[in-house]
1. Grab the helices (runs of 4 or more DSSP H) fully contained in region 282-395, keeping just those with 2 or more residues being touching a residue at least 60 places away in the same chain (Cβ under 8 Å).
2. For region 257-276, name all the residues that are exposed (fewer than 13 other Cβ atoms within 10 Å of the Cβ) and either closer than 13 Å to L328 by Cβ or under 60 Å from the mean Cα position of the chain (by Cα) (or both).
3. Taking the condition in a helix (DSSP H, G or I) and farther than 20 Å from G377 by Cα, does V243 pass?
4. Would you confirm, using the coordinates I've provided, whether S358 is closer than 20 Å to P230 by Cα, surrounded by fewer than 19 Cβ atoms within 10 Å (Cβ to Cβ) and among the hydroxyl-bearing types (S, T, Y)?
5. State yes or no: is T234 polar (S, T, N, Q), under 46 Å from the mean Cα position of the chain (by Cα) and either surrounded by 10 or more Cβ atoms within 10 Å (Cβ to Cβ) or modelled with pLDDT of 70 or more (or both)?
Amino acid sequence: QSAGNAANKLSTSLTQLNTVLPNLTNGIGAVTTGATNLASGTTTLTTNSQQLTQGFKTLDANTNLLNQRSHQLATGAGQVAAGSQQLTAGTRQLSTQGNQLTQGASRVATGLQSAQTNLPSLTTGISQLVTGSQQVTTGLHRLGTTGIALANGSQQLTSGNGKLATGAQQLAVGANQVTTAGNKIQTGNQALATKLGTAASKGNLNPSKLTYQQVAKPVTTTHQDRDDVPNNGTGMAPYMLSVSLFVGALALNMMFDMYTPRKHPQSALDWWSSKASIMLVFSIMESTIMLGLMMLINGLSPIHPFATWLLLTLTALLFMTIVAWLNLVFGKAGAFFSMVLLVLQLGGSAGTYPIQLSGHFFQTIHPWLPMSYSVNGLRQTLMTGNSALPEMGVLALILMLFIALTWLFFIRRYPRLAQIDFEDPVAVKATQSKLATLVRRKAQAKASDNKTN
């Protein structure tokens, strides 16, 4: 009975093996079919690489087919793995119950003489079957490992096919853009050829003498001098006028006493105004007479006559104030300092040559000399015609400074003036008349004595 049970179990295991083997065969066939289809798709892709657009479409179709077969391959691999596990379990059961089968076979060996002849062949077949099942198990293990790698490769191939399809679409779009650009270029060339023909037809000219003159002399030039200097005298006028005004200031301060008042002043301001009024009147007369004679006799023609007169008057008043202040503060030495200042201004005012041609010393003192601004201002009003307001502003500031210094001098000296130093003008005239009467009487008496004798 044990041998019968073992035989039944063996028969059942063989039946299960026979059931699994077709599935294994189908899975292997599916794998083979998928591999064949993959090779066919690759060959087709290589063959149709020149026809890019159609090949991409075929590649998409084959990719879908490959994905389907990959799923089938994965399913068949799973079935093969399941059958392999079942085959392994049956083999283990067959190995476990082989001892019982051997014992049962030895027990029935004596009773089964008719089966004694066929028993060796059955044992050999069973051994061969076990060996084959082991080989099948090993192959299934290899197939399972290779199937995973094959599945990964199929996924990578699927991803690469997607990228390839995307690139093909981009290439197709670029090809369309190139085609569009080519059409635009062709259209532009046609338009250019048409316009060039029209321009050529319009370019036909009938040149005349005026046309030749327009080509030879396309533009005309006009010249305008910024400076109106007709002669050397006009160019030297700003410098010589400034020097004359300073010499006039020296002459007035030599002839007129700018310190001693004719009568006792009421205040320091009254004392200063009595002297300043004389300098103002002299400056106006001096600048007016000098400019009038220059225009009438020498033919000087300033661009801005009134601005020239105003600048001359301001310069004359400034020079008068400077020389007067030097004489008041330093006495007789002030006249010497005035001459030194005149000499410095002759070389540093840039009246004859540009200051850049002078020495470093004169270039340094040039901005600090009043005559530098009077010369530049007169050049603007006489010749250039530009505004002389900056120069007049500097001269006015210097004038205000020396007026303040002169006023300060009179304020400090005013308390030193005494009333006794100034006689009554009426008493002086009476005394002078009495003296004249006495002199006249003495002369008459002397004349009468001479007649008597």
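The values are calculated or read from the model by the stated rules, or taken from the named source; none is laboratory data. This is a predicted model, so every value here is computed, not measured. Quick reminder, even Gly has a Cβ in these numbers, built from the backbone with ideal geometry, and neighbours come from all protein chains shown.
1. Values: elements: 305-330, 332-348, 360-365, 370-379.
Qualifying helices (runs of 4 or more DSSP H): 305-330, 332-348, 370-379.
2. So in region 257-276, the residues exposed (fewer than 13 other Cβ atoms within 10 Å of the Cβ) come out as 257, 260, 262-263, 266-267.
Across region 257-276, the qualifying residues are D257, T260.
3. Numbers: in a helix (DSSP H, G or I): yes; farther than 20 Å from G377 by Cα: no.
No, not satisfied.
4. Taking the combined requirement at face value, the residue does not satisfy it.
5. no
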